[in-house]
1. State the extension gain, in nm to one decimal, for the chain segment bounded by H59 and V267, taking 0.36 nm per residue of separation less the distance between their alpha-carbons.
2. What is the extension gain from T329 to F219, computed as 0.36 nm multiplied by their sequence separation minus the C-alpha to C-alpha distance, in nm to one decimal?
3. How big is the charge dipole of the chain about its Cα centre, in debye rounded to the nearest 20, if each Lys and Arg gets +1 on its Cβ and each Asp and Glu gets -1 on its Cβ?
4. ³J(HN,Hα) across region 257-264 via Karplus (A = 6.51, B = -1.76, C = 1.60, θ = phi - 60°), whole Hz, x for Gly/Pro?
5. Give a residue-ordered list of calculated ³J(HN,Hα) values for region 217-224 (Karplus: 6.51 cos²θ - 1.76 cosθ + 1.60, θ = phi - 60°; whole Hz; x for Gly, Pro).
6. Based solely on its DSSP helices, what 222 nm [θ] is calculated for the chain when runs of n ≥ 4 H residues each add -39,500 (n - 2.57) and the sum is averaged over all residues, nearest 500 deg cm²/dmol?
7. How far apart, in nm, are the 7 Å Cα→Cβ label points at Y256 and F154?
8. May I ask you to compute the full-extension gain from N51 to M319, defined as 0.36 nm times their residue separation minus their alpha-carbon distance, rounded to one decimal in nm?
Amino acid sequence: MAPSTANNNVTGVLFEDDPVLALEASLHHDHEQISKPKPTKEYRRELVWRNILLFIFLHGAALYGAYLALTSARLWTDIWAFLLYQASGLGITAGAHRLWAHRAYKAKWPLRVILIICNTMAFQNHVFEWARDHRVHHKYSETNADPHNAKRGFFFSHVGWLLCRKHPDVIEKGKQIDMSDLENDRFIAFQKKYYLWLMPIFCFLIPTSVPMYFWGESFKCAFFVAALFRYTFTLNMTWLVNSAAHMWGDRPYDKYINPSENLGVSVMALGEGFHNYHHVFPWDYKTAELGDYTANLTTAFIDFFARLGWAYDLKTVSMDMIKKRVERTGDGSHNVWGWGDKD
Ligand code: ST9
Ligand code: ZN
Ligand code: ZN
């Protein structure tokens, strides 16, 4: 199915049925005002030692897993770990992010089942929590209400935000986000209800059991390589979007915001590093201007299912609209068709 440009009107009524797009539209012209974090006197960072210890253990175990992957694991175990990284990554990018958080396209139930399984394999909290945090991130980007506010530094936006209590503004503003679409989604409700059962099965048990059962891998190699190393690696590739892609790269669409075009992050995060574009046009199912697949496996994945008819109503942005925005707020680095070249 051909991508539709029907929802590309930032100021029009076309967003009426989409809270996320409506929010983005209303924020579009107020970004500078919003992006200045106001210091809140009462806030004191409170560390969560349980998480700190768990993440230290996890990263230690992942390093050991990386060592085993290079020295004693079977080749098939390494391939299996790589495939799980891609599949669980798609559960985040095509699932939690583009489908559920942004509603950038629609998916028929078999695709939603695939995505919810892949998403559970990624263990990045259930989709409802992930999407709510992400909607707050877009609406209040780089303010105290942004869960991983990049103005608090690389470490905080990468992982630090998972190691301390949230700023009260995140919770206060988050409660005002319309989540009714996901509250009424039976797949999301099912995953949320049974997450503490489903997550260990899909993130750790199945990834460990398959290599042991099908090609006689040892428990040690299967668990440390395909479960712990693969999980931790995928987490870090995801977190790079919040840290690196909010700091380093060009800003061809809006030089007044920090999210940037970071090709390295895009390759590793399956197409999610074109972050300047994404923050300006969050409803585009490609999360990038171009439909190029080389650094955007997620777009290839969605296009494949669109051909099957399982993904439909793919939203994009018209060339004219992009061009106007590039000329108005871009940093001059946009050189596709020479648009960004300033006299
Ligand atoms: C993980 C998530 O890693 C990663 C997300 C990355 C996002 C990236 C986005 C970039 C774009 C996409 C790119 C994808 C690339 C993928 C590439 C793949 C290759 N609004 O949470 P609590 C309420 S997860 C409204 O305990 P604390 C909440 O409902 C890793 N309300 O806050 C609750 O209310 P009630 C694994 C909110 O105590 C109350 O507040 N998971 C909101 O401050 C308390 O909630 C973990 O490590 C909101 N936004 O604790 C778990 N938020 O009581 C980590 C909360 O009424 N999390 N509420 O139910 C935690 O342990 C805790 O959340 C905490 C904060 C310690 C961080
Ligand atoms: Zn962002
Ligand atoms: Zn987003």
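Derivation of every value follows stated rules applied to the coordinates shown; laboratory data play no part. What you are looking at is a predicted structure, and each value in this text was computed from that prediction instead of being measured. Heads up, the Cβs are rebuilt from the backbone with ideal geometry, glycines too, and the neighbour counts pull from every protein chain shown.
1. Here the segment from H59 to V267 would lengthen by 72.7 nm.
2. Working: separation 110, 0.36 × 110 = 39.60 nm, distance 5.40 nm.
Fully extending the segment from T329 to F219 adds 34.2 nm.
3. Details: 36 positive and 34 negative charges, 194 e Å.
Value, rounded to 20: 940 debye.
4. Here the 3J(HN,Hα) series is 10, 7, x, 10, 8, 10, 5, x Hz.
5. 5, 6, 4, 4, 5, 4, 5, 6
6. Helix-only estimate at 222 nm: -14000 deg cm²/dmol.
7. So the two model labels end up 2.9 nm from each other.
8. Working: separation 268, 0.36 × 268 = 96.48 nm, distance 4.47 nm.
So the chain would gain 92.0 nm between N51 and M319.
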